[in-house]
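Reviewing the structure listed below.
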Amino acid sequence: MRWVVFNQKGGVGKSTITCNLAAISGRRGRKTLVVDLDPQGNSSQYLLGRETAASAEPHLATFFEESLGLGIFKRDVREMIHPTPVENVDILPSSPLLESLHGKLEARHKIGKLRAALDELDGYEAVYLDTPPSFGFFTLSALIAADRCLIPFDCDDFSRRALYTLLESLQEVREDHNPGLRVGGIVVNHFQSRALLPQQLVDELIEEGLPILMPFISSSVKVRESHHAARPLVVLDPSHKLSLEFEELFTAIEKGKMAGRKKAVGTRG
Ligand SMILES: Nc1ncnc2c1ncn2[C@@H]1O[C@H](COP(=O)(O)OP(=O)(O)O)[C@@H](O)[C@H]1O
Ligand SMILES: [Mg+2]
């Protein structure tokens, strides 16, 4: 199964969720691949550390360069995959060079290349695709390559309005490019259980029939610490409250278990 973690908004927890779910998948014995499509490379840094991520070559930009016919050698995508210190987790790392390829890739219609490469790649039971905070070529490539979409949501009223647009965009991608794409669910992140508003907001979304996954991921400074340590939180501190939430969330996602739905999700689901 291929999972894309998508939300155009930055800072909602895409990279955090991608890497922690991938780490759980790996630790549960599944051969897992992370594909980092964000030129900022937060997932690459989170899993490899800043220095290793900066020197990891070849990378995803190499892959796209070759799809444009710019490569010197014809390299197999397998050569661009690097092991990480997390058990059973490999990564196809990002590079800042991706930024400069964006225009060319868009103009030359290379949108299906990533999917084709992943289709060719066997041996991985789970693939997690991290996306940049924009809806351009890289995000669309990931949405086309994936089977299920996870949407991080940060309990902000402004993000709520963006959520409806986002679900419509997904519906369009499904109609125009990838009929197999399904919404795997909305991951509530940065949840503050003691504050009233986030709970109200989430309750309303559930009431509307949106596919909200349970449990919610709380807010904790420990997440930032884990990024700093370049170790997913579930690896750094497996008994931490958030690690337990991630474990439970992982199981819920696999089962497609949503919070009590009152209305049908309809075409959005
Ligand atoms: N549940 C959380 N609690 C506290 N901080 C978090 C949480 N999730 C993410 N963060 C922090 O928020 C910032 C953005 O998270 P990140 O995963 O990089 O989001 P995105 O990939 O959507 O831009 C990071 O500094 C990260 O450490
Ligand atoms: Mg990110």
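So, in nm, how far is label Asp176 from label His102 when the simple model puts each one 7 Å beyond its Cα toward the Cβ?
The two pseudo-label positions are separated by 1.7 nm.
In whole Å, how far is the Cα centre of the range 230-257 from that of the range 1-75?
Answer, in whole Å: 19.
If contacts are Cα pairs under 8 angstrom and at least 6 residues apart, what is the relative contact order of the chain in percent?
Values: 509 pairs, mean separation 66.5, N = 269.
Contact order relative to length: 25 percent.
Take His82, His228 and order them by how many other Cβ atoms sit within 10 Å, fewest up front.
Values: His82 18, His228 11.
With the fewest neighbours first, His82, His228 line up as His228, His82.
Lys/Arg Cβ at +1, Asp/Glu Cβ at -1, dipole of the range 2-261 taken about the Cα centre: which of Ser243, Leu37, Phe138 is farthest positive-ward?
Going by the charge dipole, the pick is Ser243.
For a Förster distance of 30 Å, can you work out the FRET efficiency between the beta-carbons of Glu125 and Thr165, rounded to the nearest 0.05? Mind dumping the intermediate values first?
Values: r = 33 Å, r/R0 = 1.09.
It comes to 0.35.
Name the GluC sites (Glu not before Pro) in the range 1-107 that are in a loop by DSSP and that have at most 16 other C-beta atoms within 10 Å, would you? Display every interim value, and only then the final one.
Values: sites: Glu51, Glu65, Glu66, Glu79, Glu87, Glu99, Glu106; in loops: Glu87.
Sparse-neighbourhood loop GluC sites (Glu not before Pro): Glu87.
Would you mind telling me the antiparallel percentage of the DSSP bridges in the chain, rounded to 5?
The answer is about 10 percent antiparallel.
Quick one: Thr16, Thr62, Thr52, Thr251, fewest Cβ neighbours within 10 Å first, how do they rank?
On the way: Thr16 28, Thr62 21, Thr52 16, Thr251 12.
Ordered from fewest to most neighbouring Cβ atoms within 10 Å, Thr16, Thr62, Thr52, Thr251 come out as Thr251, Thr52, Thr62, Thr16.
Once amide H atoms are built 1.01 Å from N in the peptide plane, which residues 5 or more positions from Arg182, or in another chain, come under 5 Å H to H?
The list, which skips near neighbours in sequence, is Arg148, Cys149.
Within the range 2-261, how many Lys pairs sit with Cα atoms under 23 Å apart, leaving out pairs fewer than 8 places apart on the same chain?
16
Along Cα→Cβ, 7 Å out, is where each label goes; now give me the distance between the ones at Met1 and Arg78 in nm to one decimal.
Here the answer is 2.7 nm between the modelled labels.
Arrange Tyr124, Tyr164, Tyr46 by Cβ neighbour counts within 10 Å, fewest through most, would you?
Values: Tyr124 17, Tyr164 12, Tyr46 31.
Ordered by Cβ neighbours within 10 Å, fewest first: Tyr164, Tyr124, Tyr46.
With a point put 7 Å past each Cα toward its Cβ, work out how far Lys257 is from Asp156 in nm, to one decimal.
Label at Lys257, label at Asp156, 3.1 nm between them.
Have a look at the DSSP beta bridges in the range 133-269 and tell me what percent are antiparallel, nearest 5. Kindly include the intermediate steps, with their values, before the conclusion.
Values: 1 of 9 bridges.
Antiparallel: roughly 10 percent of the beta bridges in the range 133-269.
Quick note: the coordinates plus some simple rules give every number you see, no bench work behind them. Since we're looking at a predicted model, the values are computed, not measured. Cβ coordinates were reconstructed from backbone atoms using ideal geometry, including for glycine residues, and neighbour counts include every protein chain displayed.
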